[in-house]
Amino acid sequence: MLRQFFLGLPRELFDAAKVDGAGHWTMFTRIALPLCKPALIVTLLFEFQATWTDLMRPLIYLRDSANFTVPRGLKALLDRYGFGGEWHWEIIVTASVITTLPMILFFIGQRHFVEGIATTGSKG
């Protein structure tokens with residue numbers, strides 16, 4: 001996604017900076033980086049959500065309950081209090097609600113999200 005965004009940046013901006021004597025690093029930090037802020041925020045949100053909701057990898061390699069991720073902890077709660085457990089659904093529902101709270105970040109960053117998606121596919 002970032003690649004497509006960078007390809008959509010106007011080439012004339014970089015040509016003008018090159019004429020002014022800017023190097024590659026200066027062009028990146030002063031032109032490309034500020035322009036790609038919406039795409040970086042969208043990528044950050046996607047990666048955060050993917051990591052936050054990942055269950056398969058923690059199921060494979062985490063055994064110590066002190067190191068459980070949130071979805072792995074929910075699975076442990078479900079195993080203990082849900083199916084085949086003590087049937088305390090209020091604990092499971094409360095933990096599920098708390099787990100979804102960080103997705104409020106999506107709603108806070110929704111303006112950047114929509115702007116990043118809208119400008120990623122456009123060319124010039």
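The values are calculated or read from the model by the stated rules, or taken from the named source; none is laboratory data. Here the structure is a predicted model, which means the values were calculated and not measured. Quick reminder, even Gly has a Cβ in these numbers, built from the backbone with ideal geometry, and neighbours come from all protein chains shown. Heads up: the accessible areas ignore ligands, DNA and RNA and are worked out on the full protein's heavy atoms, side chains in. Shrake-Rupley method; radii C 1.70, N 1.55, O 1.52, S 1.80 Å.
Here is how the numbers come out for the structure above:
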quantity: Number of the condition not met by Thr100 [criteria: (1) at pLDDT 80 or above; (2) closer than 26 Å to Arg3 by Cβ; (3) open to solvent by 60 Å² or more (accessible area, probe 1.4 Å)]; calculated: (2)
quantity: All positions within the range 41-89 that are touching a residue at least 40 places away in the same chain (Cβ under 8 Å) and touching a Leu at 6+ places or on another chain (Cβ under 8 Å); calculated: Thr43, Leu45, Phe48
quantity: Flag for Ala95 being over 30 Å from Gln110 (Cα atoms), of a type outside the set (Val, Ile, Thr) and modelled with pLDDT of 80 or more; calculated: no
